[in-house]
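Asker: Before I ask anything, here is the structure I am working with.
The values are calculated or read from the model by the stated rules, or taken from the named source; none is laboratory data. The structure presented is a predicted model; accordingly, all values stated were derived computationally and were not measured. Cβ coordinates were reconstructed from backbone atoms using ideal geometry, including for glycine residues, and neighbour counts include every protein chain displayed.
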Number of protein chains: 2
Amino acid sequence: MPTRLTISDIARKAGVSKTTVSRVLNNRPDVEDKTRSHVLNIIEENNYVPSPIAVGYVKNKTHLIGLVSPAEMHSWQIEVFQGVVAGLKDYNYQLLLLPHYPDEAAESSKEFDRILNNGLADGLIVLHPSLVQSYFQKLSNAELPVVAIDDASSLSNLAIPSIGANNYTGALQAVRHLIGLGHRKIAFIGANNNFRFTRDRLDGYKAAHTQAGLVFNPDFVKIYDEDIVNFRFLQEQIGYKSTLALLAQEKPLPSYTAIFAETDEMAIGVMRALNEHGLRIPDDISLVGFDDLPKASYTTPALTTVHQPTREMGKMVVKLLMDMIDGKIIGQKRHELDTEVIIRASTRAI
Amino acid sequence: MPTRLTISDIARKAGVSKTTVSRVLNNRPDVEDKTRSHVLNIIEENNYVPSPIAVGYVKNKTHLIGLVSPAEMHSWQIEVFQGVVAGLKDYNYQLLLLPHYPDEAAESSKEFDRILNNGLADGLIVLHPSLVQSYFQKLSNAELPVVAIDDASSLSNLAIPSIGANNYTGALQAVRHLIGLGHRKIAFIGANNNFRFTRDRLDGYKAAHTQAGLVFNPDFVKIYDEDIVNFRFLQEQIGYKSTLALLAQEKPLPSYTAIFAETDEMAIGVMRALNEHGLRIPDDISLVGFDDLPKASYTTPALTTVHQPTREMGKMVVKLLMDMIDGKIIGQKRHELDTEVIIRASTRAI
DNA sequence: CTGAAAGCGCTTACAG
DNA sequence: CTGAAAGCGCTTACAG
């Protein structure tokens, strides 16, 4: 096939006008059956496919969904991403990647402008929790349908609908599990609460204490306070450093018998720190993570954690965006999906 | 911004013709400096960005790269994928996902036609080892630049350039590592050799024996022969089942002291089978995998394996495709990148 | 039910 | 150095 066939070629071969071919292509009712099947035959014979770029151009609709994410995705983001891809199966849309490269953080506003003005996508999915607020501001002003996944925007009441796990309940369940095992002194390790999910998980931790009639000890809550530029690479270190700080408080042995880490990556850092101090999991200290990353079942011991329905979240975000594009929905709502505690080998009764 | 500005708006505001604006936009030299800077100012002031779809349409170039992959990517594919994204940073191209959904395998030819005729991408990256031959045939006939990653096409001499790890040398190194530790009887577990990489790894295993003056025992080579429809989900099972078959051959104890598994996923299956039979790694049997997946360092014991430079492969595939699109290269070559044995805890001297 | 014409937002010869 | 006109491959009123 040297040069691609156009609608004119098909019209000529079929002996009809381009208009009629276009009608057939778009399944318009106002075409005689005979004409339609004849044109369809010609199309079939010649293996003709209309140029998507021409169609997109004239219809002002590309059938492309832009996915804004860090260039280097974090394990959790990849899971959601795969859910998005799975969700797209049911729609006649394709996914365009709009990665954000962190080294351009300095001029990130410009970089984000480039992404936003890209003009190629009919809608945007934001899978980038640490996206700067000003960008969300711009997004919410844009005419483009946008939906976010576990984002920071919700903290400032921007008009962007979002989807996430029920982080509050998830944390509540996790800590309840520990309490159910007899633990009474449970430490919390997390990052600063610039993120909605970090805040919610801490709240869940506190609520579990309250509901069980326990008072949590603020000394046992380690919030890593430095600014988190690159959340992906810092998490393990946050877990590690926070645990060291926690251990330094009580010598030689800590009084808490369990630790709830805000993410699995942090939990892995916790494991490393405990290991180095000769503390055994779960014999000396029980440990619960959050996220249920694929690697959570490969740690030693396998990590008890809170499962997030990442695939479902990906699928749901697609459906939501599609509804927005179709004008069926004027979003702005927050949707939360249920979590589940996955009990593995890092927790035990005392 | 209610309606988007067009080049005509800018031309009017600047008091020049659309042609001149277009020249400025495209950095053509034949514009007076004064005119250029004036137009540039107007563009800047109005925050004007040319419609990529219109530009793509008229230039017949979308600046989009299509990535053909399974909808559900396998850990190794994700690593390469991230390399592709990283590689794209240096080019003015964006990535369009062209996932293949396996349930449509029945009519996969049609499904692949849809992808191929998509017409939106200026070039294609195929990250889908089990892609059917007929599709590669079509790809090689298409006018579109295509480059594959560790594909099956090379087996049939199709004219598609490809990139992969040096699987032969990688396997050679892995088995040499075992031989260096004193192992003399080393089993091999792999899948059928419909894939170039499976064949090469087996060849490397054999070569290591030959070069060391050892004869390998064909009874110790377990090739899982059933057709592999969904490589992702079967690997762990292949490792598991093949190990069981291997163990059934010699009772109660095997005479080999090490196993080389063709992939890390298979190695994980091997671990499970050995565990169930009360054989300890590495005390009773040493184990080496291949791929160095992220989870390889989280297994118990941490897996000694062959590292593939997946990020580099991703970057390289982008560069190659860009050169092809620019007409700098008429590919067809196979490129291989070096591997490295990562020694962890699953191997030891005997 | 069908077709001629205009137009989407750009670029590219062509002419000056 | 600059602009008028044609054209890329479709769709969409409009007229019949």
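Asker: Just to be sure I understand, how many residues within the range B:2-18 are free of Cβ contacts under 8 Å to residues at least 12 places away in the same chain and either more than 14 Å from chain A (Cβ to nearest Cβ) or away from DNA strand C (no atom under 13 Å from the Cβ) (or both)? First the steps, then the outcome.
Answerer: As a first pass, look at the range B:2-18 and keep what is free of Cβ contacts under 8 Å to residues at least 12 places away in the same chain: B:2-3, B:8, B:11-12, B:15, B:17-18.
Next cut, either more than 14 Å from chain A (Cβ to nearest Cβ) or away from DNA strand C (no atom under 13 Å from the Cβ) (or both) only: B:8, B:11-12, B:15, B:17-18.
Counting residues in the range B:2-18 that are free of Cβ contacts under 8 Å to residues at least 12 places away in the same chain and either more than 14 Å from chain A (Cβ to nearest Cβ) or away from DNA strand C (no atom under 13 Å from the Cβ) (or both) gives 6.
Asker: Hey, among A:339, A:347, which residue is of a type in the set (S, T, N, Q) and touching a Pro at 6+ places or on another chain (Cβ under 7 Å)?
Answerer: Details: A:339 fails: touching a Pro at 6+ places or on another chain (Cβ under 7 Å).
Sole residue among the options that is of a type in the set (S, T, N, Q) and touching a Pro at 6+ places or on another chain (Cβ under 7 Å): A:347.
Asker: Continuing with this model, one more query. I'd like to check something: does the range A:283-305 contain any residue that is over 27 Å from the mean Cα position of the chain (by Cα) and part of a strand (DSSP E or B)?
Answerer: yes
Asker: Here's another thing I want to ask about it. Considering only residues that are more than 9 Å from chain B (Cβ to nearest Cβ) and over 13 Å from residue A:7 (Cβ atoms), which ones fall in the range A:49-62?
Answerer: Scanning the range A:49-62 gives A:59, A:61.
Asker: Let me ask something else. If we scan the range A:133-140, do we find a residue that is within 14 Å of another protein chain (Cβ to nearest Cβ) and at pLDDT below 65?
Answerer: Yes, the conditions are met somewhere in the range A:133-140.
Asker: When you scan the range B:163-274 for strands (runs of 3 or more DSSP E) that lie fully inside it, which ones turn up with 2 or more residues that are surrounded by 24 or more Cβ atoms within 10 Å (Cβ to Cβ)? Step through it out loud before you land on a result.
Answerer: Numbers: elements: B:186-191, B:221-224, B:258-261.
Where strands (runs of 3 or more DSSP E) fall fully within the range B:163-274 and carry at least 2 residues being surrounded by 24 or more Cβ atoms within 10 Å (Cβ to Cβ), they are B:186-191, B:258-261.
Asker: Can you tell me which of (1) part of a loop (DSSP other than H, G, I, E, B); (2) at pLDDT 85 or above is the one residue A:130 doesn't meet?
Answerer: (2)
Asker: Answer yes or no as to whether residue A:41 is away from DNA strand D (no atom under 11 Å from the Cβ) and not aliphatic (A, V, I, L, M).
Answerer: yes
Asker: Here's a follow-up. Can you tell me which residues in the range B:44-62 are within 16 Å of DNA strand D (Cβ to nearest atom) and either within 25 Å of the chain's Cα centre (by Cα) or touching a residue at least 40 places away in the same chain (Cβ under 8 Å) (or both)? Step through it out loud before you land on a result.
Answerer: Within the range B:44-62, the first condition is being within 16 Å of DNA strand D (Cβ to nearest atom), and the residues that meet it are B:50-62.
Within the range B:44-62, B:50, B:51, B:61, B:62 qualify.
Asker: When the residues of the range B:275-305 are narrowed to those that are within 14 Å of residue B:235 (Cβ to Cβ) and away from chain A (no Cβ under 14 Å), which ends up surrounded by the most Cβ atoms within 10 Å (Cβ to Cβ)?
Answerer: Among those residues, the one meeting the criterion is B:290.
Asker: Now for a separate question. Quick one: would you say residue B:93 is crowded, with 18+ Cβ neighbours inside 10 Å, within 16 Å of DNA strand C (Cβ to nearest atom), within 27 Å of residue A:143 (Cβ to Cβ) and more than 8 Å from every other protein chain (Cβ to nearest Cβ)? Can you show your working first?
Answerer: Numbers: crowded, with 18+ Cβ neighbours inside 10 Å: yes; within 16 Å of DNA strand C (Cβ to nearest atom): no; within 27 Å of residue A:143 (Cβ to Cβ): yes; more than 8 Å from every other protein chain (Cβ to nearest Cβ): yes.
In short, no.
Asker: Considering the range A:47-67 alone, what residues qualify as being among the polar types (S, T, N, Q) and either exposed (fewer than 14 other Cβ atoms within 10 Å of the Cβ) or within 23 Å of residue A:322 (Cβ to Cβ) (or both)? Lay out the reasoning, then the answer.
Answerer: First, the residues of the range A:47-67 that are among the polar types (S, T, N, Q): A:47, A:51, A:60, A:62.
Once the filter is applied, which keeps residues that are among the polar types (S, T, N, Q) and either exposed (fewer than 14 other Cβ atoms within 10 Å of the Cβ) or within 23 Å of residue A:322 (Cβ to Cβ) (or both), the range A:47-67 yields A:47, A:60, A:62.
Asker: Could you run through the range A:19-28 and say how many residues are in a loop (DSSP other than H, G, I, E, B) and either within 14 Å of chain B (Cβ to nearest Cβ) or not polar (S, T, N, Q) (or both)? Steps first, answer last, please.
Answerer: Of the range A:19-28, the ones in a loop (DSSP other than H, G, I, E, B) are A:26-28.
After this cut, where a residue has to be either within 14 Å of chain B (Cβ to nearest Cβ) or not polar (S, T, N, Q) (or both) as well, the list is A:28.
Result for the range A:19-28: 1.
Asker: Kindly check whether there is at least one residue in the range A:206-215 that is in contact (Cβ under 8 Å) with a residue 24 or more places away in the chain and either of a type in the set (D, E, K, R) or touching a strand residue (DSSP E or B) at 6+ places or on another chain (Cβ under 6 Å) (or both).
Answerer: Scanning the range A:206-215 turns up no residue that is in contact (Cβ under 8 Å) with a residue 24 or more places away in the chain and either of a type in the set (D, E, K, R) or touching a strand residue (DSSP E or B) at 6+ places or on another chain (Cβ under 6 Å) (or both).
Asker: Also, I was wondering about something else. From the list A:31, A:24, A:39, exactly one residue is near DNA strand C (Cβ under 10 Å from one of its atoms) and within 28 Å of residue A:325 (Cα to Cα). Which is it?
Answerer: Working: A:31 fails: within 28 Å of residue A:325 (Cα to Cα); A:39 fails: within 28 Å of residue A:325 (Cα to Cα).
Answer to the check: A:24.
Asker: Can you pull out the residues in the range B:1-18 that are closer than 17 Å to residue B:52 by Cα, outside any loop (DSSP other than H, G, I, E, B) and of a type outside the set (Asp, Glu)? Walk me through how you get there before you give the answer.
Answerer: Of the range B:1-18, the ones closer than 17 Å to residue B:52 by Cα are B:3-10, B:18.
Checking which are outside any loop (DSSP other than H, G, I, E, B) leaves us with B:7-10, B:18.
Selection gives B:7, B:8, B:10, B:18.
Asker: What number goes with the only condition from (1) within 11 Å of another protein chain (Cβ to nearest Cβ); (2) within 11 Å of DNA strand C (Cβ to nearest atom); (3) of a type in the set (A, V, I, L, M) that residue B:71 does not pass?
Answerer: (2)
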